[in-house]
Amino acid sequence: MGQTAHVSADAWTVALTVVSALSFAAWLWLLLARGFFWRTDVRLPAREEPDVWPSVCVVVPARDEAGVLPASLPTLLAQDYPGRAEVFLVDDGSTDGTGELARELARRQQGLPLTVASPGEPPAGWTGKLWAVRHGIGLACTREPEYLLLTDADIAHAPDSLRRLVAAARTGGFDVVSQMARLRVESVWERLVVPAFVYFFAQLYPFRWIGGVRSTGGGGRGPGKATRTAAAAGGCVLLRAEAAERARVPDAIRHAVIDDVALARAVKGTGGRVWLGLADGVDSVRPYPRLHDLWRMVSRSAYAQLRHNPVVLAGTVAGLALVYLVPPAASAVGAATGNAAAASLGAAAWLVMAGTYVPMLRYYGQPLWLAPLLPFTALLYLLMTVDSAVQHYRGRGAAWEGRTYARPGAVAAE
């Protein structure tokens with residue numbers, strides 16, 4: 001009996017050490033071979049102002065956004081853009097007076113012309129947001145713009161935002177230039193969860209790879225090697241109208257929940273060039289004061305990101321546990337049981353993890369002591385992902401601003 005217990009203890013010690021080593025190896029790979037995703041220096045690429053500024057139409061899908069419009073819409077209407085620009089706000093069945101408030105804000109402010117329209121109920125197979133976007137693009141195309149700016153109703157833009165986006169697209173020859181808006185971080189839960197949201201997104205879609213750059217050069221500004229990685233951030237997407245027509249956007253992605261990634265894939269799949277980076281002067285004004293608010297934001301699309309595949313879900317849960325939960329667990333258990341190897345490997349993996357999170361915390365102006373808490377935040381995201389799957393199998397389809405759509409068998413981001 002004693003010998004059996006000794007063998008079991010030895011097996012447990014070896015298993016803990018092996019798992020700790022795998023976690024540490026994973027972090028070395030993420031640190032060095034995942035497009036330097038943890039760096040925050042991928043900003044708008046080098047740009048020169050064109051001699052003749054192209055025309056732009058701004059499309060804003062909105063549903064029950066009266067609470068945020070006063071802080072966002074005036075910033076669009078006040079854009080300092082030298083060319084012709086116009087704003088189309090598509091009010092998708094709001095019940096809080098979103099459309100009338102938008103008209104009132106435009107009347108108070110002399111700026112870009114605003115058109116408020118309503119698309120009616122979306123037909124089967126369309127998510128509400130993309131149906132609103134389609135309606136807005138249809139109205140915009142009557143003006144024959146060269147570019148479309150797709151931006152959410154909660155996004156505030158600096159006065160030169162549109163100017164900088166267009167100059168970057170023209171200079172770099174990009175069909176899509178997208179910026180990951182800086183989300184609000186004021187409440188305790190926002191500070192804990194929001195920077196990690198952007199960090200995890202960059203880990204999934206390294207910004208340098210999206211722009212076609214795998215080198216270690218700063219800013220993702222070189223021509224680089226073309227890559228298949230494609231993504232955009234739906235709050236701020238400048239899209240060349242010709243590329244949208246070629247990729248059949250948004251019709252080709254009409255069922256997408258994660259519409260920004262689907263849009264980028266569609267454009268890149270037809271030979272277009274896509275760029276994505278962190279924003280300066282593009283900010284979300286939407287508050288997420290409670291954990292419940294953030295939970296709902298993540299869980300509504302997390303399982304769609306996994307293509308509603310239970311096998312991929314199981315692999316994702318296992319991967320998150322190995323990468324984020326094993327390091328602190330191995331450090332604690334290894335120290336408590338005298339397994340120095342496991343404790344050292346776990347601590348080393350945890351240190352690398354925290355170190356890669358520091359740049360994102362600095363970007364958001366948050367205290368660096370939050371970095372070691374990333375495993376706890378990752379556990380929250382793991383639970384949100386599982387909850388997303390549970391909600392899917394309970395029959396809750398895609399959701400946009402409180403409206404739920406049944407989506408049997410649909411794939412979110414093809």
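The values are calculated or read from the model by the stated rules, or taken from the named source; none is laboratory data. This structure is a prediction, so every number in the text was calculated from the model and none was measured. In this analysis, Cβ positions are derived from the backbone assuming ideal geometry, glycine residues included, and neighbour counts consider all displayed protein chains. These area figures cover heavy atoms from the full protein model, side chains too; ligands, DNA and RNA do not enter into them. Shrake-Rupley method; radii C 1.70, N 1.55, O 1.52, S 1.80 Å.
Structural remarks
- Model label zone, Leu383; criterion: amide N under 14 Å from point 7 Å along Cα-to-beta-carbon; scope segment 299-319: 299
- The chain: antiparallel DSSP beta bridges as a percent of all, rounded to 5: 40 percent
- Between Arg290 and Arg362, the distance separating the two model label sites (each 7 Å from Cα on the Cα→Cβ line) works out to 3.6 nm.
- Taking each residue as 0.36 nm, the span from Ala318 to Ala335 lengthens on full extension beyond its C-alpha to C-alpha distance by 3.8 nm.
- Segment 35-104 - percent relative contact order, Cα under 8 Å, separation 6 or more: 40 percent
- Normalising by residue count, segment 16-61 has a Cα convex hull of 134 Å³ per residue.
- Extension gain, Arg248 to Ala117, is 45.0 nm, computed as 0.36 nm per intervening residue step minus the present C-alpha separation.
- Take the chain with all the other protein chains still there, run a 1.4 Å probe, and you get 42 Å² of accessible area per residue.
- Computed from the C-beta positions of Arg307 and Thr95, the FRET efficiency with R₀ = 45 Å rounds to 0.85.
- Förster radius 22 Å - calculated FRET efficiency between Gln110 and Asp160 (Cβ-Cβ, nearest 0.05): 0.75
- Cα-based Kirkwood hydrodynamic radius, segment 56-129, one decimal, Å: 12.8 Å
- Tilt relative to the chain, helix 340-363 - C-alpha long axis, 0 to 90 degrees, to 10: 20 degrees
- Surface share of carbon and sulfur [accessible, 1.4 angstrom probe, percent] for the chain: 59 percent
- Cα gyration tensor shape of segment 241-397, rounded if a/c is under 1.5, else prolate or oblate by comparing a/b with b/c: prolate
- Considering only alpha-carbon pairs that sit under 8 angstrom and 6 or more positions apart, the relative contact order computed for the chain is 22 percent.
- Helix 291-305 and the longest principal axis of the C-alpha atoms of the chain enclose an angle of approximately 90°.
- One chain, two ends: Arg228 and Phe376. Fully extended at 0.36 nm per residue, the span grows by 50.1 nm beyond their Cα-Cα distance.
- Translational diffusion coefficient of the chain (Stokes-Einstein, Kirkwood radius from Cα pairs, 4 °C, 1.567 mPa s): 57 µm²/s.
- Centroid-to-centroid, using Cα positions, segment 256-286 and segment 76-150 are 19 Å apart.
- Three-way shape call for segment 125-201 based on the alpha-carbon gyration tensor, with the a/c threshold at 1.5: oblate
- Gyration tensor verdict on segment 99-162 (Cα atoms; rounded if a/c is under 1.5, prolate if a/b is larger than b/c, oblate otherwise): prolate
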